[in-house]
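Have a look at the structure below, then the notes.
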Amino acid sequence: MKDVTVHLSLIILFAIVIRWTISLHPYSGAGKPPMFGDYEAQRHWMEITYNLPVGDWYQNTTDNDLQYWGLDYPPLTAYHSWALGIVSHSLNSSWVELHKSRGLESYDHKLFMRYSVLVVDLIVYLPAVFVYFLFCSPGLHDQYSQLVVCTVALLYPGLMLIDYGHFQYNCVSLGFALWGVIGLCKGHDLLGSLAFVLALNYKQMELYHAVPFFCYLLGKCISHFRKNYHEGMVKFVKLSAVVLASFSICWLPFLQSREQLTQVLHRLFPFARGLFEVF
């Protein structure tokens, strides 16, 4: 166990070096008006969430032009942008100044953004990978297999290039989803469900993983029903309560009216505008 821990730690350190090396290179849209690329999208969300009331974050207003990188991720992403906006403003208010910061490409703020990706990666995704391969990989019977698969997970090019090359935070949603898997693997179904709800409320792409989570938990409830109806019902109610309560807390600011909720859903699932916007 000690040797595996040491090797996994070295792999994680190597993965961090590779990630930071990627962040030293250019990104798409840099210096190209009017949209300025992915960096500007993330910076603009900080600007909007910091300066506007929460009810206006997904609304098209005079201060929030949805055609200019309008917020189109679930509430947890918006809260994350708001938190980063607070930190940005405390370091340099010009980074998130309403309207006037549009198109800003400050080296210092880019560096802050790079660090913000690394911090959440270190907090959410990398520890999840470490814990999973240390305690939840029964199919990998030898140390070599564990290290190989862990290396693949940590050095997956798609995740590193998008997050560190283009200022994204996919490591957060994937990390929460993996914590959910760990919870189910260790028999902590309520914690696993909570973690996956957080993943789903960070990026709606986690809907791809929702089916296996749902089927696994439903199958477990049915199994309990067959053995003991009362225990099965209690488990079902607990799981339902955790999921509904966590969803409600995440969405609470946007449940003030039907129109507000509809607008947020419209931004997350843009069927009316052809599922995508061309920037």
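The values are calculated or read from the model by the stated rules, or taken from the named source; none is laboratory data. Here the structure is a predicted model, which means the values were calculated and not measured. All Cβ positions, even for glycine, are placed from backbone atoms using ideal geometry, and neighbour counts span all protein chains on display. Ligands, DNA and RNA are excluded from the accessible area calculation, which covers all protein heavy atoms including side chains. Shrake-Rupley method; radii C 1.70, N 1.55, O 1.52, S 1.80 Å.
Here are a few things to note about the model shown:
- Helix-only [θ]222 nm of the chain, DSSP H runs n ≥ 4, -39500 (n - 2.57) each, per residue, nearest 500: -21500 deg cm²/dmol
- In loop segments of the range 176-279 as defined by DSSP, the GluC sites (Glu not before Pro) with at most 12 further C-beta atoms inside 10 Å of their C-beta are Glu277.
- Using the Cβ of Tyr115 as centre and a radius below 12 Å, the other residues enclosed give a net charge of +1, where K and R count +1 and D and E count -1.
- Part-to-part distance (alpha-carbon centres) for the range 96-170 and the range 1-58, which is given in Å: 8 Å
- Under a Gaussian network description of the chain, with springs only between Cα atoms under 10 Å, the residue in Gln146, Gln204, Gln256 that fluctuates furthest is Gln256.
- Distance (nanometres) between label positions extended 7 Å along Cα→Cβ at Phe247 and Phe271: 1.7 nm
- Highest-fluctuation residue, Val117, Val17, Val242 considered, GNM on the chain with Cα pairs under 10 Å: Val17
- Approximate spin-label separation Ser106-Asn60, in nm, with each point projected 7 Å along Cα-to-Cβ: 3.1 nm
- 10 °C / 1.306 mPa s Stokes-Einstein diffusion coefficient of the range 57-180, Kirkwood radius on C-alpha pairs, µm²/s: 95 µm²/s
- Evaluated over the chain, the Cα radius of gyration and Dmax, each in Å: 20.7, 64
- DSSP H segments from the chain that extend 18 Å or more along their own axis, Cα-based, with Kyte-Doolittle mean of 1.6 or above: 170-185
- Taking 0.36 nm per residue of sequence separation and removing the Cα-Cα distance, the Gln143/Ser93 pair yields an extension gain of 13.0 nm.
- If the chain linking Leu207 and Phe135 were pulled fully straight, counting 0.36 nm for each residue of separation and taking away their Cα-Cα distance, it would gain 23.3 nm.
- Accessible area in square angstrom per residue, the range 79-221, 1.4 angstrom probe: 46 Å²
- Ordered from longest to shortest, the equivalent ellipsoid semi-axes for the range 1-110 are 32, 17, 13 Å, each the square root of 5 times a Cα gyration tensor eigenvalue.
- Bridgeable aspartates and glutamates around Lys235 (alpha carbons under 15 Å apart, same-chain partners fewer than 8 residues away excluded): Asp189.
- Amide hydrogen neighbours beyond the local backbone of Glu105, cut-off 5 Å, H modeled: none
- Summed residue charge, Cβ within 14 Å of Asp56's Cβ, Lys/Arg positive, Asp/Glu negative: -3
- Computed from the C-beta positions of Ile16 and Leu161 and an R0 of 22 Å, the FRET efficiency is 0.90 to the nearest 0.05.
- Proximal lysines relative to Lys238, as straight alpha-carbon distance under 16 Å, when same-chain residues fewer than 8 apart are discounted: Lys220
- Selection from Leu174, Val264, Leu24 lying farthest towards where the dipole of the chain points positive, charges on Cβ: Leu174
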